[in-house]
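Novice: Before anything else, here's the structure in question.
The values are calculated or read from the model by the stated rules, or taken from the named source; none is laboratory data. Computed from a prediction, not measured in an experiment: that's the story for all the values here. Here the Cβ positions follow ideal geometry from the backbone for every residue, glycine too, while neighbour counts run over all protein chains shown.
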Amino acid sequence: MLQIKLKNMILRNSLYLCFAFILLSCGSTKKATTIDTTPNWVKAKPVNSLYYVGVGSAIKTLNSTDYQQNAKNNALADLSSEISVNISTSSALHQLETSFGYSENYMASTFTTTKEHLEAYELVNTYENETHYWIYYKLSKSKYEELKRISRENSVKQGLDYYKKALESKLENNYLNALTFYLKGLESVKDYFTESLQTKYMGNEILLGNELLSGFLATVNEINILPKQPEIFVKQNTAISSEKLSFVFQTASRTPVSNLPVVFTLGNRPLHNSFSETNLNGEASYSLGPIKIQQGSRYFEVKLDIEKIANQAITDPFFRRMTRKVDVPKSQIKISVDTPSFFVTSSEKNFNNDILPKRIEQKINQLLSNNDYVVVFNEDNADYKIYISLYTDKDKREGRMFYTTLKGDVKILNNKNQMILLSPVDDIQGIQLNYIDAGMDAYNNLIEKLDRTFIVKLKQAM
């Protein structure tokens, strides 16, 4: 009996052990299926003394090309961020900071030398899960430095060539080419603007970036602009010839500078066809249409069109923006505008009787004065002469009312006795209890019409 119980107990314990083993086996299998397979380089960015490392990721989208390219861009950006840019105190960057106020942070971010030398990067690995895609690049530090050295030498060689051409152009008094070559030289060494760029030229040690920048600014400052007439006096609504609005561009030694692009302005107002260039004598001129500004002074200005030179010479947006901050040579001509003077005379008759005082003549003189025109009493001193001839004529009679018509014309001549306006007077009626009073009523109606129309017609005529 005892033996049977012992067998049953052993059997029961064996079953428990088997059951426990099965449970443990199931647990081990479940744990094995959830082991984290994420590579270490995804969890933590690798550090390698021989390589620059870049890891980038992107959220998966329907288009595999898009998210893979985004991850690649992020990895390369991460790689380039490891490459430090040291700003030399003897670099052209410091000269730019002094001259134009650019911050070093902005310049360093703009002129990094990494972008041109990342082509030697290597793909190490990729990894993806259901939601994200990762990519891992590395770049040999020694390979990068070698590529940078070769690129720097090529840039310096090209920059020196432009520097030489700029100096030669100045000796030939070709300032347009000199400015162009200086800008091209700056653009060619832009990736190394944070370095001193010490090199040899004609047996002398120079800092190439500084020489290019200072040479460009000095060349701009050597250009002087002289107006042929510093001040001119004109009447309102009078054109100004190009002989009066003329400037001479020359060097400090008074040598004319030709082929320079220029731009003209009148005050703050842009002008039609305002762009020009200096001729062989260094002259730049502009003809201005009738002056429509009020009495007073205005300034006609010309300046070197440095933006046009930059846009034709280079494509780099930073240097184009830089040229807009350059204090370019400019010059002005003061235009003093006088209001024109008028002489007014009239013949005013009402049925062959002279009207005194002359009502229309008085009215026109009043309108001219109210609009700041000058009225003179000697026609030889006038810029414009206004001749008025008026008379009344009987029209009809209806019952007790008498109708008259005022007739005649208004002529305006300039100081060369050229007719600029001939305005007939018609359709002016008067109505009263007799013809004389009806004639005077017609004159009153003309006065009301002059209030509305005379100054407008006068300005149009002038």
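Novice: Of the conditions (1) crowded, with 18+ Cβ neighbours inside 10 Å; (2) free of Cβ contacts under 8 Å to residues at least 12 places away in the same chain, Gln366 satisfies every one except a single condition; which number is it?
Specialist: (1)
Yes/no matrix, rows are residues, columns are (1) more than 22 Å from Asp354 (Cα to Cα); (2) out of contact with any strand residue (DSSP E or B) (no Cβ under 7 Å at 6 or more places or on another chain); (3) outside any strand (DSSP E or B):
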position	(1), (2), (3)
Asp395	no, no, no
Phe402	no, no, no
Lys407	no, no, no
Leu413	yes, no, no
Pro424	no, no, no
Ile431	no, no, no
Ala442	no, no, yes
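Novice: Next up: Search segment 229-252 for residues being surrounded by 18 or more Cβ atoms within 10 Å (Cβ to Cβ) and in contact with a helix residue (DSSP H, G or I) (Cβ under 9 Å, 6 or more places away or on another chain), and hand back the single one that is nearest to Ala382 (Cα to Cα).
Specialist: So the residue we want is Asn237.
Novice: Just to check your reading of the model, which residue among Asn350, Asn378 is touching a residue at least 24 places away in the same chain (Cβ under 8 Å) and buried (at least 18 other Cβ atoms within 10 Å of the Cβ)?
Specialist: Every option except Asn350 fails the conditions.
Novice: Conditions first: (1) under 29 Å from the mean Cα position of the chain (by Cα); (2) modelled with pLDDT of 90 or more. Arg269 passes all but one, so which condition is the exception?
Specialist: Condition not satisfied by Arg269: (2).
Novice: Also, I was wondering about something else. Take Leu433 and tell me if it is more than 20 Å from Val456 (Cβ to Cβ) and among the aliphatic types (A, V, I, L, M). Please lay out each step first, then the result.
Specialist: On the way: more than 20 Å from Val456 (Cβ to Cβ): yes; among the aliphatic types (A, V, I, L, M): yes.
Criteria met by Leu433.
Novice: Okay, next question. If we only count helices (runs of 4 or more DSSP H) wholly inside segment 280-383, which ones have 2 or more residues that are at negative phi, touching an Asp or Glu at 6+ places or on another chain (Cβ under 8 Å) and modelled with pLDDT under 90? Show your work before the answer.
Specialist: Details: elements: 306-313, 317-324, 359-370.
Correct list: 317-324.
Novice: Let me ask something additional. Give, as residue ranges, the strands (runs of 3 or more DSSP E) completely inside segment 148-241 that count at least 1 residues that are aliphatic (A, V, I, L, M) and at pLDDT 90 or above. Write out each step before concluding.
Specialist: On the way: elements: 198-201, 204-207, 224-227, 231-235.
In segment 148-241, 204-207, 224-227, 231-235 are the strands (runs of 3 or more DSSP E) which contain 1 or more residues that are aliphatic (A, V, I, L, M) and at pLDDT 90 or above.
Novice: Give segment 418-440 a look and list any residue that's at pLDDT 90 or above and either of a type in the set (D, E, K, R) or at positive phi (or both), or say none.
Specialist: Across segment 418-440, the qualifying residue is only Asp437.
Every residue, every condition in (1) aliphatic (A, V, I, L, M); (2) touching a residue at least 60 places away in the same chain (Cβ under 8 Å); (3) in contact with a Lys or Arg (Cβ under 7 Å, 6 or more places away or on another chain), yes or no:
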site: Lys394; (1), (2), (3): no, no, no
site: Thr404; (1), (2), (3): no, no, yes
site: Asp409; (1), (2), (3): no, no, no
site: Gln418; (1), (2), (3): no, no, no
site: Gly430; (1), (2), (3): no, no, no
site: Leu433; (1), (2), (3): yes, no, yes
site: Arg452; (1), (2), (3): no, no, no
site: Ile455; (1), (2), (3): yes, yes, no
site: Lys459; (1), (2), (3): no, yes, no
